[in-house]
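What follows is a single structure, written as structure tokens, with notes after it.
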There are 4 protein chains.
Amino acid sequence: MTQMEAISVAIVGASGYGGVQLVRLLLEHPLTTITYLGGEGSAGRPYSDLYPHLQHCLDLTVEAVDVDVIASKAQVVFLSLPNGLALELAQPLLAKGCKVLDLSADYRFRDLATYRQWYGTERQDDQLAAQAVYGLPELYRDKIALAQLVGCPGCYPTASLLALSPLLKQGLVLPETVIIDAKSGTSGGGRQGKINLLLAEADASLAAYGVARHRHTPEIEQICSDLAGQTVKVQFTPHLIPMPRGILATVYATLRDPGLVREDLITIFQAFYRHSPWVKILPPGIYPQTKWACGTNLCYIGIEVDERTGRVIIMSAIDNLMKGQAGQAVQCLNLMSGWSETLGLPQLAFYP
Amino acid sequence: MTQMEAISVAIVGASGYGGVQLVRLLLEHPLTTITYLGGEGSAGRPYSDLYPHLQHCLDLTVEAVDVDVIASKAQVVFLSLPNGLALELAQPLLAKGCKVLDLSADYRFRDLATYRQWYGTERQDDQLAAQAVYGLPELYRDKIALAQLVGCPGCYPTASLLALSPLLKQGLVLPETVIIDAKSGTSGGGRQGKINLLLAEADASLAAYGVARHRHTPEIEQICSDLAGQTVKVQFTPHLIPMPRGILATVYATLRDPGLVREDLITIFQAFYRHSPWVKILPPGIYPQTKWACGTNLCYIGIEVDERTGRVIIMSAIDNLMKGQAGQAVQCLNLMSGWSETLGLPQLAFYP
Amino acid sequence: MTQMEAISVAIVGASGYGGVQLVRLLLEHPLTTITYLGGEGSAGRPYSDLYPHLQHCLDLTVEAVDVDVIASKAQVVFLSLPNGLALELAQPLLAKGCKVLDLSADYRFRDLATYRQWYGTERQDDQLAAQAVYGLPELYRDKIALAQLVGCPGCYPTASLLALSPLLKQGLVLPETVIIDAKSGTSGGGRQGKINLLLAEADASLAAYGVARHRHTPEIEQICSDLAGQTVKVQFTPHLIPMPRGILATVYATLRDPGLVREDLITIFQAFYRHSPWVKILPPGIYPQTKWACGTNLCYIGIEVDERTGRVIIMSAIDNLMKGQAGQAVQCLNLMSGWSETLGLPQLAFYP
Amino acid sequence: MTQMEAISVAIVGASGYGGVQLVRLLLEHPLTTITYLGGEGSAGRPYSDLYPHLQHCLDLTVEAVDVDVIASKAQVVFLSLPNGLALELAQPLLAKGCKVLDLSADYRFRDLATYRQWYGTERQDDQLAAQAVYGLPELYRDKIALAQLVGCPGCYPTASLLALSPLLKQGLVLPETVIIDAKSGTSGGGRQGKINLLLAEADASLAAYGVARHRHTPEIEQICSDLAGQTVKVQFTPHLIPMPRGILATVYATLRDPGLVREDLITIFQAFYRHSPWVKILPPGIYPQTKWACGTNLCYIGIEVDERTGRVIIMSAIDNLMKGQAGQAVQCLNLMSGWSETLGLPQLAFYP
């Protein structure tokens, strides 16, 4: 391998949980240098005001968001903002030659009709949206490598799609039977003072939310339809779990061929992901714990077949802020930069 | 109402979590007196050795299990033992005139063929098992009132069946589409030193277990089949949640009539449970939190319909140790004693 | 006992955690009827909008705060408001003949100089403040019984003072050596969207706060000085613990007489609290868990002596929202109404 | 720097929490190769049976403990065993030329009289114990670099001593006033099925344990006495906190010079630890959260002075399994091998 040069990166929206994960990962990455941290609410404050534990390794002040300043400082820009803001920044940043990785929903949909229906925002950048690449490397590795604009997947879609892709791509299940019962730690709700995310409310308790109408549904369906070659509608139910991080998606689908056993499916999954270093297929009878993935960019997948009912049950565990967000964005950056997909990303959880 | 007399009750297996819930409930119950606490491992020890916080309200010593002693002290006996032990005690206690409420799986199956297949224990008391009443008052209120032996339901079956009963009884869903994704606090694993139940292992994490083979499956299916009037096989997946108490069952099924909306189903559920004081149907758009039920004998049910997929999603929340175990047993006792179903049982959770 | 009549009660500030505890306790209390719920932010909303799990037992709408309305509806008023608001309401409510129990800091200080110094609010009701009774029944039972206005203690002071009172009252320790290391669940921070109280931030973590300057310090010192008959300054350090409820105060002090052993102190504490049904002194070697007190109005106290260092260590566990707040207020109401101190208050925690 | 060669390391007691931390750290360390994993209970099992999430990066089987085998495979041996077992292994391993790092209490005491008094085990290796170096690099860096046998500190002593060392070494406080109120996550209790460590018992609760008699007391006192140049007795109280990892020690002591302010002490601490990369002194008004240290080898220290009482309060936060155990052992290994103290050790917590 020839000597590689470090690239300069900017993080816009550095104060939130996505932002601070990016900070941690890019600080530890051997070939990136953080040159800019942007935010509105915290502009002008030292970053260590927001996260005092990082004082010893980062001496930057959060800056107001200014496209010219960003483009003058950084080759690559991560946008870690609430939905609806990236669409103001992506175009001008691209025009100035930056590569852009957006962690919001703004560039996940090829067809903005779907976006408008589920997110309700007016916007006119249909052409740009159509060019953006969906940043799930396990499916779109080659396109990501060539992309200027990546729309990084949501946390639930990542866990769900890694569970479903081999099944749908190879026509192993009836698409209309797909049910995704997903469970997430509360950091998915962001670093904002919502009552329902308080420890006093959310700890020692459990509830579903957004049933039959969560915005990650059309995102999952878009990719599932691609994979299946037909329109797929999925049942998706998220739940809030009393823990800070981690997602488990428990996915149900009816097998076309009821003769398949779990060992068959494990073999199929292993083959499907043989070039995907971040996906680990577990041996028979082992089901993933979210804690195994926490702090890492890994996705652990466990597989079971119920011969009584003819269904396959896939359990997929990720860290919602890593493989489900910031880690996956850095994985995309690695591909876009011609580096190894694993460069600089943590792969060993601490346990317990 | 005429003056009612208190009855004497025994708890066999008082040292576990089921036992200590019974102790709390029966101490607070206006018409019961605890006269005997039995256990093997802790025989001879003051009960307050096991649970020091109860010292000020209970002055009993755990006794070795002896049928004659029990029958001489108590009119009603709660058996809160591991599976396979109640079947040694129930017959002789009944023979001595005691009423028996068994919290284990031993008397939940009318047909012991199913029990033998899933629990693997040899036993010959088929006739007694066939006489036992399944202790789910919302379905079998009248039979329980006349029973001498009640097999109290498992925690998962209680949450699952309260969600499914109106749907199956009235033929509203396709039985073969039923999927139950259940989530439980760790106290369901009992008061025993298992590695996977340690806080260090289970906290801040989440995993499925017993996928496609959990023993509560045939119990759910037995009652579902009764309700539907046909053999029903369900998909049941339990998960371990990082909290001490509470169960949420998220139940999926395809509606026969895709024109039904959630308000229809709410009306149907309210009617079905109109005489059931412990089941609360939530208004549209409200989904139950397990914490609302904790410490009470309540079951909260939320209902959603997904018009895109034609499915109904029912969320059912209980306290696994109360409505899912000891509270339900006391509810049965109330019925067996001719008292109000709600007598002495807590109905107001503390929150948060 | 002659037949007692129920009294009508109002709760001002019903939407917060103190408010909802009062709602639960007063609903279960045999001699109170809630006739008014007041609040600013939630005025006009059904109370079950705020706490859906209570819909089945309470059908009241939150009203804007109006003294005339309150006084027309209620004989007793609980003020559960942020500091600095009760002082606007107490005087007019008293003038209209209501009894007032204030859960804020406004009427905890006899001498408002201390209040002004630590809370920084201007106010001129020195005379009323001097008449208010500090609502810690274990110390001021007789005064509370006669009071029109009770300033209910803070959560930390309750746990701390119950641990310290026998020691200081009987001169057993050197007052200048008192250190209180206190630990609280996060509900003490209230039902408000603060970042540091989010589950994602506070779970699986631990930190001190307000070190050397927490506002409960002068409140503790006021009572300690009364007990000791001299000015007492205490070291008080609160910590935020990853749990919803509960306080443990670990109190250190140097014994005047190094010959005292823990059994002596247990005897002294038992004697001191012999008429206090809510304080339980634990046997030698047993230390309280906060969970034992949760949901109840109890305070569990464990006592240890370190003969190597000459110090006594007292551990005092309460539920911060019950004995530390709403439960204690109801205990005061019982005294003010001539009822048993224990009437209607829970004394059996559920466990686990 | 010249090219450095990797060394081979063995872990005896690999199945516990200390063991699995060592596995993770040594796998990620650039200059170590794990060549042997030993254990009794799990001998013969693939390590990934115990920790399935590590399957993709470690392919070793746990071996029965045999000194000859260990010495033939490894240059350095980590002993991560219950107290009282290392003393059987250290001598023969040293005799065969291995360097030994013991994570138990066996070699923490220079004078075995103290060990015998607090641990109650008979042993005769006084001479070896006297030669062992106490593995706290911030105090004994030079001795560790030359050591063949290191007795790694306990978790509580590490947090406590890093808080106390500057104070005692420089005579800033009255030694007899030292009180350490320490709080630990439950992983400190080890990977064993104890009832009190179950999530159902320990979650949402809090309690002290081992009050006035915890075995870490004499270990802290031994080093404090060294630092102060006089016999020091400390008050040490550990508490169990509902979280998997992390220790916070809140340390109280009376200042000799009441004129010192916190900024003075911060300066003194910064100077004391200026060559200690793993200790971070926080700015005024910032107190450490344990989560900042979790997964890293860092110790965060916050400092406060109470001018009203003349006391200093030091808060010291570590990960009990990292700086409090395995991380510190690897830090010692770095020193013993002539490497940088920070080599291969994580220094960036993920947050939240």
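When the P(r) is computed for region D:225-352, the part past 20 Å accounts for 52% of the Cα-Cα pairs. Of the peptides A:80-87, B:176-183, C:257-264, C:127-134, the order by per-residue mean of other Cβ atoms within 10 Å, starting with the highest, comes out as B:176-183, A:80-87, C:127-134, C:257-264. In Å² (nearest 100), what accessible area is buried between A and D, both sides summed, heavy protein atoms only, 1.4 Å probe? When A and D are taken together, about 2900 Å² of accessible area is lost. Between C:T33 and D:Q131, the modelled label-to-label distance comes to 8.6 nm, taking each label 7 Å out from Cα in the direction of the beta carbon. Cross-link partners of A:K323 among aspartates and glutamates, defined as those whose alpha carbon lies under 18 angstrom from its own and excluding same-chain residues fewer than eight positions apart: A:E28, A:D102, A:E138, A:E219, A:E341. For chain D, the solvent-accessible area works out to 32 Å² per residue, with a probe of 1.4 Å and every protein chain left in place.
Determine one quarter of the surface area of the Cα convex hull of region D:7-131, which equals its mean projected area, and express it in nm² to one decimal. Show your work: numbers first, answer last.
Details: hull surface 30.6 nm².
Approximately 7.6 nm², given one-decimal rounding.
Over all distinct alpha-carbon pairs, what is the Kirkwood Rh of chain D in angstrom? Write out the running numbers ahead of the final one.
On the way: mean 1/r = 0.0485 Å⁻¹.
Kirkwood hydrodynamic radius for chain D: 20.6 Å.
The distance between label points at B:Q91 and C:Q91 comes to 8.1 nm (points 7 Å beyond Cα on the Cα→Cβ vector). The distance between label points at B:T267 and A:A271 comes to 5.3 nm (points 7 Å beyond Cα on the Cα→Cβ vector). Close amide H contacts of D:V65 (hydrogens built in the peptide plane, cut-off under 5 Å, sequence separation of 5 or more or a different chain): D:G39. Give, ordered by residue number, each residue of region D:167-183 whose 1.4 Å probe accessible area is reduced by a minimum of 20 Å² on adding the remaining protein chains to the chain alone. Those residues are D:I179, D:D181, D:K183. Averaging 1/r over every pair of different alpha carbons in region A:155-323 and inverting the result gives a Kirkwood radius of 16.2 Å. Across region D:305-318, rounded Karplus estimates of 3J(HN,Hα) from the backbone phi angles (6.51 cos²θ - 1.76 cosθ + 1.60, θ = phi - 60°) give 10, 9, 5, 5, 10, x, 9, 9, 10, 10, 10, 10, 10, 9 Hz, Gly and Pro being marked x. Only the Cβ atoms of Lys and Arg (+1) and of Asp and Glu (-1) were treated as charged; on that basis the dipole of region D:7-131 about its Cα centre amounts to roughly 260 debye.
Rounded to whole Å, give me the distance from the Cα center of region C:213-286 to that of region B:92-127. Using only Cα atoms, the two centres lie 53 Å from each other.
Assigning unit charges at the beta carbon (Lys, Arg +1; Asp, Glu -1) and nothing else, what dipole magnitude in debye, to the nearest 20, does region D:155-321 show about its Cα centre? Numbers along the way, then the final one.
On the way: 15 positive and 14 negative charges, 70 e Å.
Result for region D:155-321 is approximately 340 debye, rounded to the nearest 20.
Here the Debye sum runs over all C-alpha atoms of the protein assembly as shown as equal scatterers in vacuum, and log10 of I(q)/I(0) at q = 0.08 Å⁻¹ comes out as -1.05.
Figure legend: label point modelled 7 angstrom from the Cα of D:A6 along Cα→Cβ; no residues of region A:250-288 have amide N under 19 Å from it.
Of the cross-linked pairs A:K233/B:K280; A:K183/D:K291; A:K183/D:K280, those separated by over 29 Å at the C-alpha level are A:K233/B:K280; A:K183/D:K280.
How large is the dipole of region D:161-224 about the Cα centre if only Lys and Arg carry +1 and Asp and Glu carry -1, each at its Cβ, rounded to the nearest 20 debye?
Values: 6 positive and 6 negative charges, 36 e Å.
With Lys and Arg at +1 and Asp and Glu at -1, about 180 debye.
Based on alpha carbons, the Rg and Dmax found for region D:65-120 are 11.9, 36 Å.
Taking every DSSP helix (H) stretch of at least 4 residues in chain A, weighting each as -39,500 (n - 2.57) and dividing the sum by the residue count yields a mean residue ellipticity at 222 nm of -9000 deg cm²/dmol. Taking the square roots of 5 times each eigenvalue of the Cα gyration tensor of region B:121-223, largest first, gives ellipsoid semi-axes of 28, 21, 13 Å. GNM remark for chain A: springs join alpha carbons under 10 Å apart, and the peak mean-square fluctuation among A:A113, A:A329, A:A228 falls on A:A113. On the protein assembly as shown, 49 percent of the accessible area sits on carbon and sulfur atoms, based on a 1.4 Å probe. For D:K73, the lysines whose Cα falls under 20 Å of its own Cα, not counting residues fewer than eight places away in the same chain, are D:K96, D:K99. Relative contact order of region B:62-166, taken over Cα pairs closer than 8 Å and 6 or more residues apart, is 25 percent.
The values are calculated or read from the model by the stated rules, or taken from the named source; none is laboratory data. Keep in mind that this is a model prediction, so the values were computed, not measured. Here Cβ is always computed from backbone atoms with ideal geometry, including for glycine, and neighbour counts include all displayed protein chains. Surface accessibility is based on the protein's heavy atoms, side chains included, excluding ligands, DNA and RNA. Shrake-Rupley method; radii C 1.70, N 1.55, O 1.52, S 1.80 Å.
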